[in-house]
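The values are calculated or read from the model by the stated rules, or taken from the named source; none is laboratory data. Not measured: the values here are computed from a predicted model. When we count neighbours, we look across all protein chains shown, and the Cβ atoms used for this are built from the backbone with ideal geometry, even at glycine.
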Amino acid sequence: MTLLGDVAGWFADPAHWQGTHGIPTRIVEHLELSGLAVAVAIVLSVPLALYLGHVGRGGFVAINVANIGRALPSLALLAFALPIAIALGLGLGFWPTLFALVPLAIPPILTSTFVAVREVDRDVVDAARGMGLRESQILRAIEIPLGLPLILDGMRTASVNVVATATLGAIVAGGALGRFIVDGLALQDYPQLVAGALLVALLAVATEVSFAAFARATAPAGMTANP
Amino acid sequence: MTPGEPLVRWDWVANHTGEIGLRIGEHLELTIIAVVLGLAIAFALAFAGLRLPHLYPPITAFAGILYTIPSLALFAFLVPYTGLSLLTAEIGLVSYTLLILVRNIVSGIRSVPSEVRDAALGMGYTPRAILWRIELPLALGVIFAGIRVATITTIGLVTVTALIGQGGLGYLILLGIQQFFSTPLIVGATLSVALAVAADGALVLVQRSLMPWTRVR
């Protein structure tokens, strides 16, 4: 395979590991963009989902948000975000991509956090209430720990989606790893194209795997037997 | 997106109805090919997984890995081999439908109560007749849920195939970005969302007509 050799050669070229266009810079850009998008989505959706799940209201909202979120194509989100970022004077690249990624990350986090709290055995919650725990204590000591695997599952789905979609930021002149793919396509530079694809795919799989490891490590004792 | 210009210039839309229609047609065509092929492959994989249960975990693991690879990256892997072609687009699109479809077909068929299966066997149904006349009809609800998700996901992914020269509504979005002109951008994005919602609605209607017994409330 001559292409694989060229890809290996591309990775071996020290010039591709240095400076503002180098692989390390692009990976950092990708992680910054994805991390910030997921963090903003968590801040916006987790408190609301915990509250709704605890009081047991708004189920239809949580489900509908999930359905609407699924129907929103990622490139369409980017298309809507671009004029907004331009109108706000934030320009191309980072900001429109961030604006597109946050609404992509909200639905899985909102829905699974809501369901996680809602699905906690009501007998356990009643027992806690009977023992005199305040509502905030029930949420903190009972519902969040028991719902944690599902809450993390939503965050994992959102993160993998965001890492994958951050690639599209290169279309609006953003940095991150999509740069290699979009430039590779434009220049018909196949080694760069495939190398970029490899980096993005590895980052997505690494995100998935590290979340799974984190979820196993934080699962409450007694729940690990039944994942 | 220059200051003072409206977000959507309706005169552009009025002058480009032919082009917009063409892009909608391309989008639908790419989606339908992907979902139909995906369904055929998924049924084959699901039956293999049901017949030989030890094959099922590796099948879903493989489909899961395909599903995790970002769409643009998957297309990029294929371009050096299959070019900027319909084949590249469809290989990618079909790959993404497999996980959802295989999982839903298998769990739908597995959720058929064993009493029902035993009763059919006792009435003299052959295994093939049990599959086609008992298990599949009863699993249809779960399978349709999978088809709806796969279709909506595919419609979203088809916007990305414009990057490898396959047209569709993503073409209008890319045109808007390249020309820094918000009208095609908004038109392409809005229509791709509308198409997803319309396709979902249409599939619900098809499901109701195929499963008349679920209409009784």
Which ones in segment B:63-95 are under 16 Å from B:V149 (Cα atoms) and at pLDDT 90 or above? B:L93, B:V94, B:S95
Confirm whether B:V149 is within 14 Å of another protein chain (Cβ to nearest Cβ) and either among the hydrophobic types (A, V, I, L, M, F, W, C) or within 22 Å of B:V206 (Cα to Cα) (or both). yes
Scanning segment B:163-181 for residues that are surrounded by fewer than 24 Cβ atoms within 10 Å (Cβ to Cβ) and among the small types (G, A, S), the one farthest from B:E90 (Cα to Cα) turns out to be B:G176
Flagged in segment A:67-96 as more than 16 Å from A:G174 (Cα to Cα), more than 8 Å from chain B (Cβ to nearest Cβ) and crowded, with 19+ Cβ neighbours inside 10 Å, in numbering order, are A:G69
So which of B:R208, B:R110 ends up being in contact (Cβ under 8 Å) with a residue 24 or more places away in the chain, away from chain A (no Cβ under 14 Å) and either surrounded by 13 or more Cβ atoms within 10 Å (Cβ to Cβ) or among the basic types (K, R) (or both)? B:R110
Applying the selection to segment A:174-188, what residues are more than 9 Å from every other protein chain (Cβ to nearest Cβ) and in contact (Cβ under 8 Å) with a residue 12 or more places away in the chain? A:G174, A:G175, A:A176, A:R179, A:D183
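The rows are residues; the columns are (1) modelled with pLDDT of 90 or more; (2) part of a helix (DSSP H, G or I); (3) more than 12 Å from the chain's Cα centre (by Cα); (4) within 27 Å of A:V46 (Cα to Cα).
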| residue | (1), (2), (3), (4) |
| --- | --- |
| A:I151 | yes, yes, yes, yes |
| A:G184 | no, yes, yes, no |
| A:L202 | yes, yes, yes, no |
| A:F211 | no, yes, no, yes |
| A:P220 | no, no, yes, yes |
Residue by residue through segment B:163-173, note down the ones that are of a type in the set (A, V, I, L, M, F, W, C) and modelled with pLDDT of 90 or more. B:L169, B:L172, B:I173
Any hit, segment A:41-53, residues being within 13 Å of the chain's Cα centre (by Cα), surrounded by fewer than 23 Cβ atoms within 10 Å (Cβ to Cβ), away from chain B (no Cβ under 12 Å) and touching a residue at least 40 places away in the same chain (Cβ under 8 Å): yes
Residue check, B:G201 of a type outside the set (D, E, K, R), out of contact with any strand residue (DSSP E or B) (no Cβ under 8 Å at 6 or more places or on another chain), assigned to a helix (DSSP H, G or I) and within 19 Å of A:L82 (Cβ to Cβ): no
Which of the helices (runs of 4 or more DSSP H) found entirely inside segment B:1-100 contain at least 1 residues meeting this: out of contact with any helix residue (DSSP H, G or I) (no Cβ under 8 Å at 6 or more places or on another chain) and in contact (Cβ under 8 Å) with a residue 12 or more places away in the chain? B:17-51
Tell me yes or no: at least one residue of segment A:134-149 is more than 14 Å from chain B (Cβ to nearest Cβ), of a type in the set (G, A, S) and under 23 Å from the mean Cα position of the chain (by Cα). yes
Within segment A:190-200, is even one residue part of a helix (DSSP H, G or I), more than 12 Å from chain B (Cβ to nearest Cβ) and at pLDDT 90 or above? no
Going through A:L203, A:L187, A:L199, A:L152 one at a time, which residue ends up being closer than 11 Å to B:T68 by Cβ and not small (G, A, S)? A:L203
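Mind listing just one residue for me: the one in segment A:97-130 that is outside any helix (DSSP H, G or I) and not hydrophobic (A, V, I, L, M, F, W, C) and, of those, farthest from A:L148 (Cα to Cα)?
Ranking the qualifying residues of segment A:97-130, first place goes to A:D121.
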